[in-house]
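Right, one structure below, let's go through it.
The values are calculated or read from the model by the stated rules, or taken from the named source; none is laboratory data. Everything numeric here is computed off the predicted structure, so don't read it as measured data. In this analysis, Cβ positions are derived from the backbone assuming ideal geometry, glycine residues included, and neighbour counts consider all displayed protein chains. Note: areas computed on protein heavy atoms with side chains; ligands, DNA, RNA excluded. Shrake-Rupley method; radii C 1.70, N 1.55, O 1.52, S 1.80 Å.
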Amino acid sequence: MKSQRVSNLHVTAGVRARVQIGSAMLMLASLAACGGDASTAGTTNNVNSAQAAPPISTAALLAPAPAPADPPSLVPIANGEGAALTVFTTGSIDRNNPFFKAFGNGRSCASCHQESQGWSIRPDDLQLRFTASNGNDPVFALIDGANSPTAKVTTLDQKRQAYNMLLSKGLIRVGLPIPADAEFILDKVDDPYGYASAKEVSLFRRPMPTTNLKFLSTVMWDGRETFSDTRSSLCIRNTRPLQCFSTTDFDLLHQSNSAVTGHAQAAQGLTAAEQRSIVDFEKTLFTAQISSLAAGNLTDLGVKGGPVELAKNNFYFGINDLDAGDYITGAPFDRNIMNMFAAWRGLDRPTPPNPPAQGRPPQPQQPPQPPTAINIARASIARGEQIFNNKPFTITRVAGFNDELRVGLQRATCASCHSVGNVGTHSVPRLFNTGVSDASLRTPDMPLYTLRNKLTGELVQTTDPGSAMNTGKWKDIGRFKVPSLRAIEARSPYFHNGGMVEITDVVKFYDKRFNIGFTPQEIIDLAEFLKVL
């Protein structure tokens, strides 16, 4: 298990994973204006305007930043494959930010979003927190930390059983009702915890990372904090009727308040200033793997790994869109979205001997030198990057893709969905059903829901209806957002339901799902590439 691997890392592995970060410090000043999506400024919303933050004046934008409350962090944090690093466009973490403030039941945003775990949470750390607190850490709250809000938690053993999904997979229970106007009804429930019903369906999901938000177009796994706005200019092209959205900044402001009144059970919502402060803090964070135990420093020889280079990547609504091309430049979709490790290509080839010095007699011919272990690892990563961009396969039976995009796009690569350059998000709010919540993949710890189409009587079984719980539409059952791929090694397990522990297992899942036909070496190479993002 990855959690066991991470928790058993020897101290020397953490030391070995540390890297020189002076260049990161020098570049922070150039990043000071990053973190937001300038292309989305000034759009309007059809959600309650009281949730929106007041406009920021030009003078305020140009004013010098206040002195940081804490010294800069900028410390690589060891994980199973090396170390990840977060850089802050402000230069440090302000621990006085309301992101770290306890509300309601004692939780803060940081309860489920920790720097050491890629700004999410991992089961291995949760198990340590459980042991250290006898299950009384605020993260272990009945409302959504437990398998059921009615679970018994009097004894330590009862607590361990009640919080099993959180402890084993890092899953928070999201309780949502079937929408009143949904195109389907809940026909049958098989809930091992005896709680779920149409009034409150239990959906077990991983906390999304609160970093790299510059590249975000969809808030929450099911998009329920991504608001439509008919007056906005942020519209997905080629949609009928046209689908237009509020800014992600607006969505995040709303989401911060929802988290405090929901997860933290605060009696009162955040003030506008607190919402603004939390979202502004989140936008300063950029996280990526910075070193690899096998490949070393991820900025060596001119490659562009790590968070400093990540923060430089461009983003706006519709950048490199799969269906309509780039909304700003008009360029067609470019599948070569990952271009960080080209300088490492071919490093596994034997090194030819040095030529004889000029003016000296020829020396006996020396055999080529075999590649070093570190160069073999680096070449594998570079090959994996090319596989991600260019290995073709046919996408079939994916709602949101096959039924809504052009037929010609069905011949795809990994980059077709993870299409934002060097990040892997999707630049418009499209959600896809790749089958992760299908009944065929259900594990005994997951509820199973049988949904019936009101019009046709058709039945679908799923462990999570996905965005259909937000839209009420039959076609949206099982659809989820495309997550970022950066720093994924720091925040195992994977998928919305924590169903995969190892990155290699994720690669094998898609290989089987789409009959890609990866060779064993291609599986290794692609996994090694994903591990260093």
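At a glance:
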quantity	calculated
Residue in segment 389-401 that is part of a loop (DSSP other than H, G, I, E, B), closer than 23 Å to THR247 by Cα, open to solvent by less than 50 Å² (accessible area, probe 1.4 Å) and small (Gly, Ala, Ser) present	yes
Test: residue in segment 341-358 that is open to solvent by less than 30 Å² (accessible area, probe 1.4 Å) and of a type outside the set (Gly, Ala, Ser)	yes
Odd one out for GLY104, checked against (1) under 17 Å from VAL260 (Cα atoms); (2) open to solvent by less than 50 Å² (accessible area, probe 1.4 Å); (3) over 23 Å from the mean Cα position of the chain (by Cα)	(2)
Hits in segment 463-508 - residues which are polar (S, T, N, Q) and either touching a Phe, Trp or Tyr at 6+ places or on another chain (Cβ under 7 Å) or in a loop (DSSP other than H, G, I, E, B) (or both)	THR463, SER467, SER484, SER492, ASN497
Scope segment 154-185; condition buried (at least 18 other Cβ atoms within 10 Å of the Cβ) and either part of a loop (DSSP other than H, G, I, E, B) or free of Cβ contacts under 8 Å to residues at least 12 places away in the same chain (or both); matching residues	TYR163, GLY170, LEU171, ILE178, ALA182, GLU183
Segment 231-241, subset open to solvent by 40 Å² or more (accessible area, probe 1.4 Å) and modelled with pLDDT of 95 or more, residue farthest from SER111 (Cα to Cα)	ARG237
Segment 126-148 residues that are closer than 13 Å to ILE172 by Cβ and touching a residue at least 40 places away in the same chain (Cβ under 8 Å), paired with ones that are among the polar types (S, T, N, Q) and part of a helix (DSSP H, G or I) (beta carbon under 7 Å, 6 or more apart)	ASN147/ASN164
Yes/no for ILE143 being in contact with a Pro (Cβ under 6 Å, 6 or more places away or on another chain), open to solvent by 10 Å² or more (accessible area, probe 1.4 Å) and either closer than 22 Å to GLY466 by Cα or in a loop (DSSP other than H, G, I, E, B) (or both)	yes
Some residue of segment 433-450 being touching a His at 6+ places or on another chain (Cβ under 8 Å), surrounded by fewer than 22 Cβ atoms within 10 Å (Cβ to Cβ) and either at pLDDT below 95 or β-branched (Val, Ile, Thr) (or both)	yes
Residue that is most open to solvent (accessible area, probe 1.4 Å) [pool: residues in segment 186-222 that are assigned to a loop (DSSP other than H, G, I, E, B) and among the charged types (D, E, K, R)]	LYS199
Counted residues, segment 359-380 - those being surrounded by fewer than 11 Cβ atoms within 10 Å (Cβ to Cβ) and within 14 Å of ARG349 (Cβ to Cβ)	2
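Matching residues to (1) surrounded by fewer than 22 Cβ atoms within 10 Å (Cβ to Cβ); (2) of a type in the set (Lys, Arg):
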| position | (1), (2) |
| --- | --- |
| ASN422 | yes, no |
| HIS426 | no, no |
| ARG452 | yes, yes |
| LEU459 | yes, no |
| GLY466 | no, no |
| ILE477 | no, no |
| LYS481 | no, yes |
| SER484 | no, no |
| PRO493 | no, no |
